[in-house]
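Inspection log for the structure reproduced underneath, given as structure tokens.
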Amino acid sequence: MNITNTLKEDILSVKPAKECCRRAFLAGAILGGGSLPIEHGGLGLIIQSPSEELIERCVELAALLTKAEADIVKKDKELSLGQRIVYEFRLPSETAAPLLVKTGILQPPYTIKETVPEYILSNLCCKKSFLRGIFCAAGSLLVSADKNANTKGYYLDIALSSEESARSVASLMSSMDIVPGVRTKKNNFSVYLKNSEKIADFCITIDAKKGYFALQNILASRSLRNDVNRKNNCEVANIDKTLSASAKQVSAIEAIKKSGLLSALDDVLRDTAEVRLANPDATLTELAKMLRYPTSKSGINHRLRKLIEIAKDTGGNYAEIEEDHPRERSES
């Protein structure tokens, strides 16, 4: 299940208890997913959503608010890549008008409001309920851990039908200390959050605790994965540096051997040279365990630098071993 469904199911698991919150939730759902077809007797109401649970909740709230009995229609919606099942809440004009007035969408006699109906959102609980309704109807949430995400990072989006409604919703969210962006492109308008902390604050603000914890789990998983990748990359880089240094050491020792000077070295240097030749991939710690004349890691580094200096005297061109040897692979 993706994070959008988790968040919406969390919202729909709790029914608005007060009439003011029922009205606000339904107003959000209408503004986010509703349309007002012109009929013979006036304006009808249709709310369309792929979520059967949302449509059932709208039917229930409409009945509680105005005794209106809405029809639920299940249909296939044609898309460019196939079809998707959607559900429709339908009210004819004679029963839609009282509900539209009560939710602030229609102001008598004939004014249709595309903005947040402020007079029904005077309480904080109603503002939260409105945002819950509009997110269920028009919202989506993507994070990079989603299998089907086409974007990097985090992105919460509420798609709306007009710039006026988008800016109105953005203003409401800003009044609740969640400052979103507003995107307008051709006939597409949306209110969005791109910061994980803001998205988490949005979940907490609308009391979607399960959605919040689901988001935190994804963020924690992503953080852990990034830490593992950084550690692996660091280890690979250190291995590459160790092998590069080892190759220079082996080349220098072979030059000494070819010149006949290996047997003339003192016992300590000869021991170090022979062990390195036999174990070109070993770390300094591993080499220390193989020497007949043990020393510290810095001591082995000093001996290897000495061998390269001797090789240079034979006419070879060898880069100096760095004073700070690359960090070794973890011995754990």
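Among GLU286, GLU328, which is farther than 13 Å from ALA245 by Cα and either modelled with pLDDT under 70 or acidic (Asp, Glu) (or both)? Before the answer, list the steps.
Working: GLU328 fails: farther than 13 Å from ALA245 by Cα.
Just one listed residue meets the conditions, GLU286.
Identify, please: which residue in region 196-235 is acidic (Asp, Glu) and modelled with pLDDT under 60 and is, among those, surrounded by the fewest Cβ atoms within 10 Å (Cβ to Cβ)? Show your work before the answer.
We begin by selecting, within region 196-235, every residue acidic (Asp, Glu); these are 197, 201, 207, 227, 235.
Subset that is modelled with pLDDT under 60: 227, 235.
Working: ASP227: 10, GLU235: 14.
Only one residue fits best here, namely ASP227.
Conditions tested, residue by residue: (1) outside the structural domain of ASN123 (by TED's automatic domain parsing); (2) under 21 Å from the mean Cα position of the chain (by Cα); (3) part of a helix (DSSP H, G or I); (4) in contact (Cβ under 8 Å) with a residue 12 or more places away in the chain.
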site	(1), (2), (3), (4)
VAL169	no, no, yes, yes
SER174	no, no, yes, no
ILE178	no, yes, no, yes
VAL182	no, yes, no, yes
CYS203	no, yes, yes, yes
PHE213	yes, yes, yes, no
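Please name all residue pairs, on different chains or six or more residues apart, with Cβ atoms under 7 Å, provided the first residue is in region 124-143 and is part of a helix (DSSP H, G or I) and the second residue is charged (D, E, K, R) and surrounded by 23 or more Cβ atoms within 10 Å (Cβ to Cβ).
Listed by first residue and then by second, the contacts come to CYS136/LYS8.
Give LEU64, LEU54, LEU99 a once-over and let me know the one that is touching a strand residue (DSSP E or B) at 6+ places or on another chain (Cβ under 7 Å), closer than 25 Å to SER13 by Cβ and at pLDDT 90 or above. Walk me through it before giving the result.
Working: LEU64 fails: touching a strand residue (DSSP E or B) at 6+ places or on another chain (Cβ under 7 Å); LEU54 fails: touching a strand residue (DSSP E or B) at 6+ places or on another chain (Cβ under 7 Å).
Only one candidate passes the filter, namely LEU99.
Quick grid of which residues meet (1) under 21 Å from ILE120 (Cβ atoms); (2) surrounded by fewer than 20 Cβ atoms within 10 Å (Cβ to Cβ); (3) in contact with a Gly (Cβ under 8 Å, 6 or more places away or on another chain):
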site	(1), (2), (3)
GLU9	no, yes, no
SER13	no, yes, no
LYS18	yes, yes, no
ALA24	yes, no, yes
SER35	yes, yes, no
ILE47	yes, no, yes
LEU65	yes, yes, no
ALA70	yes, no, no
LYS74	no, yes, no
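The values are calculated or read from the model by the stated rules, or taken from the named source; none is laboratory data. All of these numbers come straight from a predicted model, not from anything done at the bench. Every residue, glycine among them, receives a Cβ derived from its backbone with ideal geometry; neighbour counts consider all protein chains shown.
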